[in-house]
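Novice: Let me give you the structure first, and then I'll get to my questions.
The values are calculated or read from the model by the stated rules, or taken from the named source; none is laboratory data. Keep in mind the model is a prediction, meaning the values are calculated, not measured. Virtual Cβ from ideal backbone geometry, glycine too; neighbours counted across all protein chains shown.
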Amino acid sequence: MGRPKKITPAVEKAPLRLPGTFDVLPEQQAAFHSFMDRFLNLASTFGYTRIDTPMVEDARLFKFWQQAATGEQLLTLNTAAREHVWAVKPTNIFGLVRAYLEHRYFEREKVSKWFYASPVMYISKGALRQGDELGFQIFGETAPIADAQIINLVMKLFHEVGLNNLSLEINNIGCLECLPPYQEVLKSYFKEKKYDLCENCVELVDTNPVAIFACTNISCSTVAAEAPVLVDYLCENCRHHFIGVLEGLDELGMPYNLNQKVIGKPWSRRTIFEIRYKGEQGDLTLGTGGHADDLIQSLGGTPASALGFNTSMETVLNALNLANLKFTHKTRSEVFLVPLGDLAAKKTLRLFSDLWSHNIAASEFIGPGSIKTQLKLAESSKVSIALIIGQKEAREGTVILRDVRSGMQELFTIERIIEEVKKRLGR
Ligand SMILES: [Zn+2]
Ligand SMILES: [Zn+2]
């Protein structure tokens, strides 16, 4: 038996990350953690519990998404031997509905309130699009007040992380009773103005005329501004619902803009809203929320309402960056360990654990370093105590305690050091 010639497969040069994907580097994590802290805190205050669904699902789950997608495709897995195609989730809501039905939450509780933070991926115009979606989702019968409450929650979330200058753009897209007749009204309106619409919108006239409202082309916007508005065509239930939501917002003292350009996804129903951040360097939509009330039924469940909001890690990081907000990692360490030499390094391993078991967090410089370098690090990490162990101390079982600010040093036996550190930390 000969030895394998090469046990490490090698490529000339590590390939770069794929277009459309991204790294979130350690220096970007403080900002995101700060956001997530508030996200988790508010989720629990408002009574949401976490749910995680798999990355990959049976592709049939995403039929609605596929029908609605323009220029976007599912990322499917090679499935020659399988009966059904597998697909990476392009967004979370479909997996959430599947879990709601599969685990029969509709029988277990009147209302399910969930939050999630989970990666999504799909193909857009031939390139990968990666995202880390996070949001809130409610399934079950809810009153209009629930819409106002979820808006309240997400506005609080963005405010608390330091984003001001937010605007709430709200619309009502109707339901299966009032939306189709309105689409007909729109169709005939836009047909007459066909020559003023962009190429893209001309195609939408017959298939999804409501989507023309979202077009940013000036000519299309001018035509759309004169179009009949859905609010005038809402059925009695939708009208009642919308008034309830707006009254809820008034009660909360929350300003909003009625904006018929906000149309949501093809599965959006009734309330649909966007939270926008208005920065000096431009605007950014922080996230979209609203109802998707036919989704449960479209996946075989008994009709139930679905209300949610979602954003993504990339959007949040972009906004925090645009707002020029700075975040730093909170270091918890109170003591810095400074070993000099191999024997001392071994002793600090033990000392680290002893401190830890007394609930004192220590940090240290990993790797060889002179006393000067290590003490500098101690200073920059803002701890008040450095514990120095040199060769002599390591052999004699002693530790030098140094007050980092004053530079005063004192020698203690290793048995006494924990008590002394505790005393100095005021424990
Ligand atoms: Zn309706
Ligand atoms: Zn257009």
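Novice: Taking the range 205-220, which residues are out of contact with any Cys (no Cβ under 6 Å at 6 or more places or on another chain), assigned to a helix (DSSP H, G or I) and near ligand 2 (Cβ under 8 Å from one of its atoms)?
Specialist: 219, the sole residue that qualifies.
Novice: Could you tell me whether residue 170 is within 30 Å of residue 322 (Cα to Cα) and either outside the structural domain of residue 276 (by TED's automatic domain parsing) or assigned to a strand (DSSP E or B) (or both)?
Specialist: Criteria met by residue 170.
Novice: Right, here's the next one. Which one of these does residue 139 not meet: (1) closer than 21 Å to residue 231 by Cα; (2) away from ligand 2 (no atom under 12 Å from the Cβ); (3) hydrophobic (A, V, I, L, M, F, W, C)?
Specialist: Residue 139 satisfies all of (1) closer than 21 Å to residue 231 by Cα; (2) away from ligand 2 (no atom under 12 Å from the Cβ); (3) hydrophobic (A, V, I, L, M, F, W, C) except (1).
Novice: Take residue 293 and decide whether it is away from ligand 2 (no atom under 16 Å from the Cβ), within 25 Å of the chain's Cα centre (by Cα) and surrounded by fewer than 22 Cβ atoms within 10 Å (Cβ to Cβ).
Specialist: For residue 293, the condition - away from ligand 2 (no atom under 16 Å from the Cβ), within 25 Å of the chain's Cα centre (by Cα) and surrounded by fewer than 22 Cβ atoms within 10 Å (Cβ to Cβ) - is met.
Novice: Do we find that residue 233 is more than 16 Å from ligand 2 (Cβ to nearest atom), out of contact with any strand residue (DSSP E or B) (no Cβ under 9 Å at 6 or more places or on another chain) and touching a residue at least 24 places away in the same chain (Cβ under 8 Å) in this structure?
Specialist: yes
Novice: Right, another one. State whether one or more residues within the range 342-352 are part of a helix (DSSP H, G or I), of a type in the set (Phe, Trp, Tyr), surrounded by fewer than 15 Cβ atoms within 10 Å (Cβ to Cβ) and within 36 Å of the chain's Cα centre (by Cα).
Specialist: There is no residue in the range 342-352 that is part of a helix (DSSP H, G or I), of a type in the set (Phe, Trp, Tyr), surrounded by fewer than 15 Cβ atoms within 10 Å (Cβ to Cβ) and within 36 Å of the chain's Cα centre (by Cα).
Novice: Can you give me the number of residues within the range 255-281 that are over 27 Å from residue 113 (Cβ atoms) and under 21 Å from the mean Cα position of the chain (by Cα)?
Specialist: 2
Novice: Then there is this: Suppose the filter is under 18 Å from residue 404 (Cβ atoms), surrounded by fewer than 19 Cβ atoms within 10 Å (Cβ to Cβ) and at pLDDT below 90; does residue 379 pass it?
Specialist: Yes; evaluated as a whole, the condition is true for this residue.
Novice: So, in the range 142-165, of the ones that are more than 14 Å from residue 275 (Cβ to Cβ) and not in a helix (DSSP H, G or I), which residue ends up nearest to the chain's Cα centre (by Cα)?
Specialist: 162
Novice: Is there any pair with a first residue in the range 10-22 that is surrounded by 10 or more Cβ atoms within 10 Å (Cβ to Cβ) and a second that is in a loop (DSSP other than H, G, I, E, B) whose Cβ atoms are under 8 Å apart and which are 6 or more apart or on different chains, and what are they?
Specialist: 17/23
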